């Protein structure tokens with residue numbers, strides 16, 4: 001009897017010390033290190049996937065690190081510190097055209113427009129792009145998509161950067177708001193929720209949506225190394241499946257539902273502000289509803305980079321973009 005009791009106690013003890021994910025025949029969640037370029041409501045579907053448990057349901061434990069720049073996110077990916085990075089695909093173009101043997105591959109697209117808003121120090125209810133002539137704009141980091149897209153939009157309105165408008169390109173992305181608040185520039189381009197928060201605090205006024213002016217561009221995408229794609233396609237597919245589910249969820253959800261789903265990732269931002277910016281990005285049609293990247297949009301991306309004087313070659317679409325997993329996931333519906 002004592003032997004049976006000891007065996008029972010040992011069995012119970014084994015259950016207690018067994019990892020939770022291994023009970024009932026379950027496997028432990030696969031850890032995934034994701035490095036994002038910045039923390040922004042612009043990437044709403046990603047935070048929806050995280051906070052509503054879509055990653056978890058795919059058997060993944062996703063840890064998100066905010067890098068503070070596309071170059072930093074790409075460095076983390078290529079060094080092996082990140083399994084996946086979310087950044088502007090222009091970084092993949094730069095790595096490829098620099099002749100690097102190891103270059104990233106785009107496996108899924110999250111946003112399809114510039115996510116920044118032009119802010120003025122003064123209210124301008126009748127804003128016209130011509131009013132920027134002779135003024136100074138904090139535009140972002142040289143070589144980054146926010147700055148290059150701003151150049152593209154300025155030229156569409158007959159304004160030549162550096163001649164008609166002074167554009168500051170020496171301030172890091174996460175320091176643009178503080179620099180503007182500190183007195184630098186007449187205008188600044190900012191992502192949400194920073195733009196709305198500054199407006200609510202009376203520190204600036206949103207006068208234009210840069211994304212609506214720029215048109216459809218593959219602005220932010222998920223990238224992996226070719227080795228990751230070859231050696232661990234199941235994990236990459238599981239990640240993308242959760243993102244696609246979140247893309248479809250956001251397309252059907254209300255602004256309030258999206259705001260509530262995102263709020264754990266933005267604890268210092270009010271629900272009201274998150275609702276406002278969710279509405280803004282939905283109105284701008286900024287979020288992709290599918291994962292795959294369109295080749296024509298990729299060509300427009302190269303045109304934008306070229307127009308900024310940053311393109312040294314045009315990488316073939318098939319060398320930098322692999323839509324195979326994305327298309328397979330989209331066909332599962």
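The values are calculated or read from the model by the stated rules, or taken from the named source; none is laboratory data. All values derive from a computational prediction rather than experimental measurement. Positions of Cβ are backbone-derived with ideal geometry, glycine not excepted, and every protein chain shown enters the neighbour counts.
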Looking at region 250-257, is at least one residue modelled with pLDDT under 95, in contact with a helix residue (DSSP H, G or I) (Cβ under 8 Å, 6 or more places away or on another chain) and farther than 19 Å from residue 74 by Cβ? no
Restricting attention to region 156-187, which residues are assigned to a loop (DSSP other than H, G, I, E, B), in contact with a helix residue (DSSP H, G or I) (Cβ under 8 Å, 6 or more places away or on another chain) and under 27 Å from residue 72 (Cα atoms)? 169, 171, 185
A careful count of residues in region 54-92 that are under 23 Å from residue 315 (Cα atoms) and over 17 Å from the mean Cα position of the chain (by Cα) gives 2
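Give the number of residues within region 90-111 that are part of a loop (DSSP other than H, G, I, E, B) and modelled with pLDDT of 95 or more. Working first, answer last.
Initially, region 90-111 is screened for residues part of a loop (DSSP other than H, G, I, E, B), giving 98-104.
In the following step, the residues that additionally are modelled with pLDDT of 95 or more were identified as 104.
The total comes to 1.
Name the residues in region 141-155 that are part of a helix (DSSP H, G or I) and either closer than 11 Å to residue 189 by Cα or within 16 Å of the chain's Cα centre (by Cα) (or both), would you?
Quick first cut of region 141-155, residues part of a helix (DSSP H, G or I) only: 145-155.
Answer for region 141-155, where residues must be part of a helix (DSSP H, G or I) and either closer than 11 Å to residue 189 by Cα or within 16 Å of the chain's Cα centre (by Cα) (or both): 145, 146, 147, 149, 150.
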If we scan region 120-129, do we find a residue that is assigned to a helix (DSSP H, G or I) and in contact (Cβ under 8 Å) with a residue 24 or more places away in the chain? yes
So residue 183 ticks every box in (1) surrounded by 24 or more Cβ atoms within 10 Å (Cβ to Cβ); (2) without any contact (Cβ under 8 Å) to a residue 12 or more places away in the chain but one. Which box is left unticked? (1)
Scan region 158-176 and tell me whether some residue there is more than 21 Å from residue 136 (Cβ to Cβ) and either in contact (Cβ under 8 Å) with a residue 12 or more places away in the chain or outside the structural domain of residue 307 (by TED's automatic domain parsing) (or both). no
Any residue at all in region 29-52 that is assigned to a helix (DSSP H, G or I), in the same structural domain as residue 258 (by TED's automatic domain parsing) and over 15 Å from the mean Cα position of the chain (by Cα)? yes
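For (1) modelled with pLDDT under 90; (2) surrounded by fewer than 24 Cβ atoms within 10 Å (Cβ to Cβ); (3) touching a helix residue (DSSP H, G or I) at 6+ places or on another chain (Cβ under 6 Å), each residue gets a yes or a no:
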position: 65; (1), (2), (3): no, yes, no
position: 70; (1), (2), (3): yes, no, yes
position: 77; (1), (2), (3): no, no, no
position: 127; (1), (2), (3): no, yes, no
position: 154; (1), (2), (3): no, yes, no
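Could you tell me how many of the residues in region 53-63 are under 16 Å from residue 235 (Cβ atoms) and either part of a loop (DSSP other than H, G, I, E, B) or modelled with pLDDT under 90 (or both)? Lay out the reasoning, then the answer.
Step one: list which residues in region 53-63 are under 16 Å from residue 235 (Cβ atoms), which gives 54-63.
Okay, now just the ones that are also either part of a loop (DSSP other than H, G, I, E, B) or modelled with pLDDT under 90 (or both), so 58-59.
Residues flagged as under 16 Å from residue 235 (Cβ atoms) and either part of a loop (DSSP other than H, G, I, E, B) or modelled with pLDDT under 90 (or both) within region 53-63 amount to 2.
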Of the conditions (1) farther than 20 Å from residue 110 by Cα; (2) at pLDDT 95 or above; (3) not in a loop (DSSP other than H, G, I, E, B), the single one that residue 10 does not satisfy is (2)
